[in-house]
Amino acid sequence: MIGNAALVTGAASPLGAAMALALADLGFDLALQDVASTVNLAEQVRANGRKAVAMEADMQDAAQLDALVSGAADELGGPLTCLINNTAPLSPDALMTLSRGEWDQSMDAALWAPLRLAQRFAQQAPKGMRAQNGEPFAQNLILNIIDQRVSDCAPDFMTHSIAAAGLKAFTKTAALDLAPDIRVNAIGLGPQRPGQYQFAAHASDQRFPGEGFANFSEVAAAVRYFSQAPAVTGQLMSVRVE
């Protein structure tokens with residue numbers, strides 16, 4: 001029987017950790033990637049009875065991305081059945097000052113890395129199953145994490161706004177391409193408190209209606225939902241605190 005094994009990128013952040021722990025609660029073994037150490041998080045997951053391995057990779061290096069997926073599967077003892085792409089950088093830039101190098105760096109991290117990881121994930125993912133009625137049952141899941149820029153573009157975060165829209169489009173097109181074996185969905189993340197994902201100077205004017213910051217427990221609930229919804233694909237769920 002194929003077990004549940006997930007690769008979570010950007011796992012060292014509070015957001016990444018919340019999603020990883022939500023998967024662990026569902027019985028997933030975890031490969032945890034980030035530029036910062038995920039050793040403590042891995043120990044926490046192991047203390048709850050699941051396998052966990054801390055991994056490092058340069059998200060702009062194709063060879064390291066390939067090795068990340070294969071290495072995660074090897075370390076966890078079987079194919080990955082879940083991939084969470086949570087690596088989009090957030091740095092300010094603007095039309096009149098943006099350089100080609102800055103554009104390439106931002107797009108590589110925000111779009112190319114999720115695409116490359118999805119390619120390698122799909123190559124090793126087990127085939128979908130069938131329900132009792134004969135309908136395809138996709139046990140594999142790719143989740144892309146997108147912030148509010150997907151619907152609220154900002155000229156001082158130009159490449160990030162463009163990349164968010166691109167990741168939404170990638171979610172829908174990949175869902176069509178990878179069906180019925182793999183579901184591809186996205187979580188649209190609301191504004192977060194300074195220091196968790198964005199700059200303090202921008203936190204106050206990046207609220208969704210209701211004046212609430214994104215709550216990581218709500219994001220974890222969205223992860224649990226998508227993990228347990230085998231008929232849902234190509235969807236973006238906006239997580240807001242109203």
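The values are calculated or read from the model by the stated rules, or taken from the named source; none is laboratory data. Bear in mind the structure is a predicted one, so any value in this text is a computation, not a measurement. We place every Cβ from the backbone using ideal geometry, glycine too, and count neighbours over all the protein chains shown.
When the residues of region 185-214 are filtered to those that are over 21 Å from Pro155 (Cα atoms) and of a type in the set (A, V, I, L, M, F, W, C), which remaining residue is modelled with the lowest pLDDT? That would be Phe213.
When you scan region 23-32, do you find a residue that is out of contact with any strand residue (DSSP E or B) (no Cβ under 8 Å at 6 or more places or on another chain), touching a residue at least 40 places away in the same chain (Cβ under 8 Å) and surrounded by fewer than 20 Cβ atoms within 10 Å (Cβ to Cβ), even just one? Checking region 23-32: at least one residue is out of contact with any strand residue (DSSP E or B) (no Cβ under 8 Å at 6 or more places or on another chain), touching a residue at least 40 places away in the same chain (Cβ under 8 Å) and surrounded by fewer than 20 Cβ atoms within 10 Å (Cβ to Cβ). Apart from one condition, Val8 fits all of (1) in contact with a helix residue (DSSP H, G or I) (Cβ under 8 Å, 6 or more places away or on another chain); (2) without any contact (Cβ under 8 Å) to a residue 12 or more places away in the chain; the exception is (2). Condition check: out of contact with any helix residue (DSSP H, G or I) (no Cβ under 9 Å at 6 or more places or on another chain) and β-branched (Val, Ile, Thr). Does Val45 satisfy that? Judged against the criteria, Val45 is not a match.
Specify which of the listed residues (Leu143, Leu176) is closer than 25 Å to Arg224 by Cβ, crowded, with 18+ Cβ neighbours inside 10 Å and not basic (Lys, Arg). Show your work before the answer.
Values: Leu176 fails: crowded, with 18+ Cβ neighbours inside 10 Å.
Leu143 is the lone residue from the list that is closer than 25 Å to Arg224 by Cβ, crowded, with 18+ Cβ neighbours inside 10 Å and not basic (Lys, Arg).
I'm checking my understanding of the structure. Among residues of region 75-105 that are polar (S, T, N, Q) and part of a loop (DSSP other than H, G, I, E, B), which one is farthest from Gln148 (Cα to Cα)? Filtering first and then ranking leaves Thr81.
Just one of the listed residues (Ser151, Ser238) is modelled with pLDDT under 85, surrounded by fewer than 20 Cβ atoms within 10 Å (Cβ to Cβ), more than 17 Å from Ala17 (Cα to Cα) and hydroxyl-bearing (Ser, Thr, Tyr), namely Ser151.
Of everything in region 20-35, what is of a type in the set (Asp, Glu) and either in a strand (DSSP E or B) or under 16 Å from Gly77 (Cα atoms) (or both)? Give them in sequence order. Correct list: Asp29 only. What about Gly101, is it in contact (Cβ under 8 Å) with a residue 12 or more places away in the chain and over 18 Å from the mean Cα position of the chain (by Cα)? Taking the combined requirement at face value, the residue does not satisfy it. Look at (1) surrounded by fewer than 22 Cβ atoms within 10 Å (Cβ to Cβ); (2) touching a residue at least 24 places away in the same chain (Cβ under 8 Å); (3) more than 14 Å from Leu83 (Cβ to Cβ) and you find that Phe157 fails only one, number (1). In the set Ala17, Ala12, only one residue is touching a Ser or Thr at 6+ places or on another chain (Cβ under 9 Å) and assigned to a loop (DSSP other than H, G, I, E, B); that residue is Ala12.
Of note, Ser217 satisfies the criterion of being over 22 Å from Glu135 (Cβ atoms) and modelled with pLDDT of 90 or more. Being surrounded by fewer than 21 Cβ atoms within 10 Å (Cβ to Cβ), at pLDDT 95 or above and of a type outside the set (Val, Ile, Thr) holds for only one residue in Ala42, Ala73, Ala62, and it is Ala73. Within region 45-59, being in a loop (DSSP other than H, G, I, E, B), of a type in the set (Gly, Ala, Ser) and surrounded by fewer than 17 Cβ atoms within 10 Å (Cβ to Cβ) holds for one residue alone: Gly49.
Among the residues of region 1-52, write down those that are charged (D, E, K, R) and over 19 Å from Gln124 (Cβ atoms).
Looking only at region 1-52, we keep the residues that are charged (D, E, K, R), and these are 25, 29, 34, 43, 46, 50-51.
Once the filter is applied, which keeps residues that are charged (D, E, K, R) and over 19 Å from Gln124 (Cβ atoms), region 1-52 yields Asp25, Asp34, Glu43, Arg46, Arg50.
Among all positions in region 18-29, there is at least one residue which is within 18 Å of Glu56 (Cα to Cα) and either among the charged types (D, E, K, R) or more than 13 Å from the chain's Cα centre (by Cα) (or both). Listed by first and then second residue, the pairs with beta-carbon distance under 7 Å, at least 6 apart or on different chains, first residue in region 43-62 and closer than 17 Å to Ala5 by Cα, second among the basic types (Lys, Arg), are Ala52/Arg46.
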